[in-house]
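Asks: Just passing along the structure, written as structure tokens.
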Amino acid sequence: MKLSFDLASADEIASELGRRLRVHRLTQNFQQSELAARAGISERALRNLERTGRGTLDTFLRVTASLGLAANLSSLFELKPKTIKEMEQASVTRERASRKSP
């Protein structure tokens, strides 16, 4: 069963991402030692990432790139406007957030 990230906690999402990286590693028939060497990280860091989803962003990105999954990250934070107003606002590049009224 796939985890719905919409309702998941940060720990659940991290754990699921680690699990998915492990599945990709096994699908590509890499041993942990091989993937760790390709990614330039320690086996311990990879084991921890796969088991708990915890690690540094650098570790996550290195493993993702080594598995050939980096292109999948490009759509991760794309703005997806839903209304005409949001489309118009998306075309304007913001430099700062709006001031919040007290």
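Asks: Going through F30, F5 one at a time, which residue ends up being farther than 30 Å from V92 by Cα, in contact with a helix residue (DSSP H, G or I) (Cβ under 9 Å, 6 or more places away or on another chain) and part of a loop (DSSP other than H, G, I, E, B)?
Replies: Selected residue: F30, the only one of F30, F5 that is farther than 30 Å from V92 by Cα, in contact with a helix residue (DSSP H, G or I) (Cβ under 9 Å, 6 or more places away or on another chain) and part of a loop (DSSP other than H, G, I, E, B).
Asks: Go through segment 38-65 and report how many residues are over 12 Å from the mean Cα position of the chain (by Cα) and surrounded by fewer than 18 Cβ atoms within 10 Å (Cβ to Cβ).
Replies: Residues meeting the conditions: 9.
Asks: Every residue in segment 49-67 that is among the basic types (K, R) and farther than 18 Å from E34 by Cβ, please.
Replies: R54, the sole residue that qualifies.
Asks: Given the condition out of contact with any Asp or Glu (no Cβ under 8 Å at 6 or more places or on another chain), modelled with pLDDT under 95, within 30 Å of V92 (Cβ to Cβ) and among the polar types (S, T, N, Q), answer yes or no: does some residue in segment 66-73 qualify?
Replies: Yes.
Asks: Give F77, F30 a once-over and let me know the one that is of a type in the set (F, W, Y) and modelled with pLDDT of 95 or more.
Replies: F30
Asks: I need a count of the residues in segment 46-91 that are under 16 Å from R20 (Cα atoms) and touching a helix residue (DSSP H, G or I) at 6+ places or on another chain (Cβ under 7 Å).
Replies: The number of residues fulfilling the criteria is 19.
Asks: What are the residues in segment 8-27 that are hydrophobic (A, V, I, L, M, F, W, C) and either in a helix (DSSP H, G or I) or touching a Lys or Arg at 6+ places or on another chain (Cβ under 6 Å) (or both), if any?
Replies: Passing the criteria: A10, I13, A14, L17, L21, V23, L26.
Asks: Follow-up question, since we're still on this one. Select from segment 69-93 the residues that are part of a helix (DSSP H, G or I), surrounded by fewer than 12 Cβ atoms within 10 Å (Cβ to Cβ) and either in contact with a Phe, Trp or Tyr (Cβ under 9 Å, 6 or more places away or on another chain) or among the polar types (S, T, N, Q) (or both) and list them in ascending order.
Replies: Matches in segment 69-93: N72, S74, S75.
Asks: Looking at the structure I just gave you, is A45 among the aliphatic types (A, V, I, L, M) and in contact with a Gly (Cβ under 7 Å, 6 or more places away or on another chain)?
Replies: Judged against the criteria, A45 is a match.
Asks: Mind checking whether some residue in segment 10-22 is out of contact with any helix residue (DSSP H, G or I) (no Cβ under 9 Å at 6 or more places or on another chain), surrounded by fewer than 16 Cβ atoms within 10 Å (Cβ to Cβ) and touching a residue at least 40 places away in the same chain (Cβ under 8 Å)?
Replies: Yes, there is a match, as at least one residue in segment 10-22 is out of contact with any helix residue (DSSP H, G or I) (no Cβ under 9 Å at 6 or more places or on another chain), surrounded by fewer than 16 Cβ atoms within 10 Å (Cβ to Cβ) and touching a residue at least 40 places away in the same chain (Cβ under 8 Å).
Asks: How about segment 33-68: which of its residues are touching a Lys or Arg at 6+ places or on another chain (Cβ under 7 Å) and not in a helix (DSSP H, G or I)?
Replies: G40, I41, L67, listed by residue number.
The values are calculated or read from the model by the stated rules, or taken from the named source; none is laboratory data. Just so it is clear, the structure is predicted and the values come from calculations on it, not from any experiment. For neighbour counting, all protein chains shown are included, and Cβ atoms are generated from backbone atoms with ideal geometry for every residue, glycine included.
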